[in-house]
Amino acid sequence: MRKADKNRASLKLTRHTYSLTPKRNAAYLPGVTAAVYAVAVLVAAGFALKNSHEQAGKLDTLCAPPVSEQKLREQLAHAQYALKQEAATRAALEQHAAQIERLQTDLAFLKKQRKTD
């Protein structure tokens with residue numbers, strides 16, 4: 001090998017021994033593990049809080065005082081009034097539908113009469 005070749009930078013790099021070195025510090029892994037555990041604890045706490053609120057809501061409905069009889073009578077009267085109003089509206093709509101059908105029949109008859117004249 002020529003003397004000039006021995007001094008080339010590329011040949012100097014290949015004559016050294018290299019070893020793999022970790023890219024991250026050794027404290028990186030415990031830090032990541034602690035972060036994962038912290039997130040898991042927060043998720044578990046959120047789930048427990050949500051579940052607690054649901055259970056409290058169920059207990060509130062079970063332990064609520066019974067509705068008074070007067071309140072039940074008022075609700076029944078209101079429902080009966082709404083039912084009567086709906087029945088009257090339905091009857092009026094059926095009458096209007098029958099009247100429209102009759103007028104359409106009359107119109108079709110008059111159109112036929114006009115064509116034949």
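Coordinate-derived values only; no laboratory data. These figures come from a predicted structure and were not determined experimentally. Cβ sites come from the backbone with ideal geometry, for glycine too, and all protein chains shown count toward neighbours.
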What does the extension gain come out to for Val36 and Leu59, with contour length at 0.36 nm per residue minus their alpha carbon separation?
4.8 nm
Please give me the summed charge of the neighbours of Ala108: other residues whose Cβ is under 12 Å from its Cβ, Lys and Arg +1, Asp and Glu -1.
+3
Euclidean distance between Cα centres, the range 61-100 to the range 34-59, Å:
43 Å
Semi-axes of the range 70-117 from the Cα gyration tensor (sqrt of 5 times each eigenvalue, largest first, whole Å) come to 46, 4, 4
Calculate the spin-label point distance for Ala91 paired with Leu29, positioning each point 7 Å from the Cα along the beta-carbon direction, and give it in nanometres.
8.5 nm
